[in-house]
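Engineer: Could you have a look at this structure, given as structure tokens, before my questions?
The values are calculated or read from the model by the stated rules, or taken from the named source; none is laboratory data. The structure displayed is predicted, hence computed values, not measured ones. In this analysis, Cβ positions are derived from the backbone assuming ideal geometry, glycine residues included, and neighbour counts consider all displayed protein chains. These area figures cover heavy atoms from the full protein model, side chains too; ligands, DNA and RNA do not enter into them. Shrake-Rupley method; radii C 1.70, N 1.55, O 1.52, S 1.80 Å.
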Amino acid sequence: MYAQLVKSDGMKSREEMSPQERAFQDRIDRGEKIEPKEWMPEGYRKTLIRQIGQHAHSEIVGQLPEGNWITRAPTLERTAILLAKVQDEAGHGLYLYCAAETLGVSRDELMEKLHSGQMKYSSIFNYPTLTWADIGAVGWLVDGAAIMNQVPLQRTSFGPYSRAMIRICKEESFHQRQGYDIMMKMAQGTSEQKAMAQDALNRFWYPSLMMFGPSDKESVHSAQSMAWKIKINTNDELRQKFVDQTVPQAEYLGLSIPDDTLNWNEEKGGYDFAEPDWSEFFEVLKGNGPCNKERLGARVKAWEDGAWFRDGLMAHAEKRAAARQAAE
Ligand code: BYC
């Protein structure tokens, strides 16, 4: 186990495991995939439902900040690209809800938990997209952070999650490039456009670093999730990789990362960088970020506005079932 990681609640040593739990852990250690109908510890199932469910919610809520710009993109081509990207996010949400459903939770239950605030979605989507440059920053930084986290998850131990990740990652790399392309255009544009790109980077840098979760010393789930290979890397490992990848990209754009302490550390082979303000992160998680109420409100409204459609589908399905029964 990583020295920095805190012990997760309820985590058992090999000696404390039942023979069934030990055999399960051995399968994980051998790199086998776990499939939905196979036996799994209750904690493994619950952790997956939490993580996959939160991930699905993030994809769906994540449509909102970018959806805000579909009708205001600067050209028809940018509108078409953004529309396709936002639709992809809906698709990602659907793959992930399906993966969660294989664990015995219904989509309605997941929705209910999102709407009542019992389940989270990524902190990043509680920040506003104020200018067109923010759409570039979201694609470049937010999708960039998402890929950094999701590429290793293609090797996660639960089969349906791992397979969903393979499809999602293919699309995410296109998303990241379209964001970088917007940033490049802005950074090479007029001085006002370059200033907008810099302002977007200034506002999205630290919230993007927060996407990887709290520092390893505070990450309560990492130790157990990594033992079960639900997670492959620690939060700090991925944050470091993201910074190392992104700094040269910002340099190429001619933009400055808003961190005076940023410094290449030859010895560790990576950048030293300033931590985000963790008190802000925990406030956002508690529902006190700039857009939490607006985001959740939009999802609850969409759910309520769609009730007539779900009722119609159910009524049709029931009518068909009754007709089939009568014919038998
Ligand atoms: N935001 O023990 P920890 C996208 C919570 S969407 C909110 O480290 P864990 C996109 C955590 O849930 C990409 N909450 O947790 C879509 C836990 O609280 P609970 C979304 C966070 O799970 C549209 C507590 O803090 N990606 O790409 O081991 C447009 C302690 O944390 C956050 C995923 O969901 C956060 N940032 O590690 C554009 C990836 N961080 O649940 C783009 C899958 C932590 O005990 N998820 N918390 O109440 C993961 O890899 C892991 O769940 C995390 C956290 C690394 C995020």
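Engineer: By accessible area of protein heavy atoms, probe 1.4 Å, what ranking do THR102, THR71 get, highest first?
Structural biologist: The ordering from most to least exposed comes out as THR71, THR102.
Engineer: Taking all protein chains as present, what is the carbon and sulfur share of the accessible area of the chain, in % to the nearest whole number, probe 1.4 Å?
Structural biologist: 55
Engineer: Quick one: which residues, 5+ away or cross-chain, put their amide H under 5 Å from the amide H of PHE158? H built at 1.01 Å from N.
Structural biologist: Counting only residues 5 or more places away or on other chains, the set is ILE34.
Engineer: Over the chain, with the other protein chains present, what is the accessible area per residue in square angstrom, probe 1.4 angstrom?
Structural biologist: 51
Engineer: Checking the cross-link filter: which lysines have an alpha carbon closer than 27 Å to that of LYS194, excluding same-chain neighbours under 8 positions apart?
Structural biologist: Within the straight-line cut-off, LYS194 pairs with LYS85, LYS185, LYS241.
Engineer: So, one more: Work out the length of the dipole vector of the chain about its Cα centre, built from +1 on the beta-carbon of each Lys and Arg and -1 on the beta-carbon of each Asp and Glu, and round it to the nearest 20 debye.
Structural biologist: With only Lys, Arg, Asp and Glu charged at Cβ, the dipole is about 1000 debye.
Engineer: If I build a Gaussian network model for the chain, linking alpha-carbon pairs within less than 10 angstrom, which residue out of SER279, SER208, SER122 has the largest mean-square fluctuation?
Structural biologist: Highest fluctuation among the options: SER279.
Engineer: Which FRET efficiency value, to the nearest 0.05, is calculated for LYS217 and LYS268 with the Förster distance at 25 angstrom and r the Cβ-Cβ distance?
Structural biologist: It comes out at approximately 0.90.
Engineer: What does the helix-only formula give at 222 nm for the chain: each DSSP H stretch with n ≥ 4 adding -39500 (n - 2.57), the total divided by the residues, and the result rounded to the nearest 500 deg cm²/dmol?
Structural biologist: Calculated at 222 nm, the ellipticity per residue is -20000 deg cm²/dmol.
Engineer: Could I ask something else about it? Please list, in chain and number order, the residues 5+ apart from GLY270 or on another chain whose amide H is under 5 Å from its amide H, with Hs placed from the backbone.
Structural biologist: Amide H neighbours of GLY270, under 5 Å, 5+ apart: ASN265.
Engineer: Now a separate question. Hey, which aspartates and glutamates would be in cross-link range of LYS37, C-alpha to C-alpha under 17 Å, not counting anything within fewer than 8 residues on its own chain?
Structural biologist: The qualifying aspartates and glutamates are GLU21, GLU101.
Engineer: Label the stretch 212-269 by shape, choosing from rounded, prolate and oblate, from the square roots a ≥ b ≥ c of the eigenvalues of the Cα gyration tensor; if a/c is under 1.5 it is rounded, and otherwise prolate applies when a/b is larger than b/c, oblate when it is not.
Structural biologist: prolate
Engineer: What accessible surface, in Å², does a 1.4 Å probe find on PHE158, ignoring ligands, DNA and RNA and rounding to the nearest 10?
Structural biologist: 0
Engineer: Which entries of LYS7/LYS231; LYS33/LYS217; LYS33/LYS170; LYS7/LYS293 have Cα-Cα distances beyond 24 Å here?
Structural biologist: Violating the 24 Å limit, Cα to Cα: LYS33/LYS217; LYS7/LYS293.
Engineer: I need the phi-derived Karplus couplings for the stretch 270-287: 6.51 cos²θ - 1.76 cosθ + 1.60, θ = phi - 60°, integer Hz, Gly and Pro marked x.
Structural biologist: x, 7, 8, 8, 7, 5, x, 6, 5, 5, 5, 4, 5, 5, 4, 4, 7, x
Engineer: Please say if the stretch 143-261 is rounded, prolate or oblate, where rounded means a/c under 1.5 for a ≥ b ≥ c the square roots of the C-alpha gyration tensor eigenvalues, and otherwise the choice is prolate for a/b larger than b/c and oblate otherwise?
Structural biologist: oblate
Engineer: If you plug each phi of the stretch 226-243 into the Karplus form 6.51 cos²θ - 1.76 cosθ + 1.60 with θ = phi - 60°, what whole-Hz ³J(HN,Hα) values come out, in order, with x for Gly and Pro?
Structural biologist: 6, 4, 8, 6, 6, 10, 9, 10, 7, 4, 5, 4, 6, 4, 4, 5, 5, 4
Engineer: Could you run the Karplus curve 6.51 cos²θ - 1.76 cosθ + 1.60 with θ = phi - 60° over the stretch 100-110 and give me ³J(HN,Hα) per residue in whole Hz, x for Gly and Pro?
Structural biologist: Rounded to whole hertz, the list is 5, 4, 5, 9, x, 10, 8, 5, 4, 5, 4.
Engineer: Under a 5 Å amide H to amide H cut-off, with H placed in plane at 1.01 Å, what residues pair with GLU218 once short-range neighbours are removed?
Structural biologist: Correct list: empty.
Engineer: Something else: From Cα coordinates alone, what are the radius of gyration and Dmax values for the chain in angstrom?
Structural biologist: My reading of the Cα-based Rg and Dmax gives 21.5, 77 Å.
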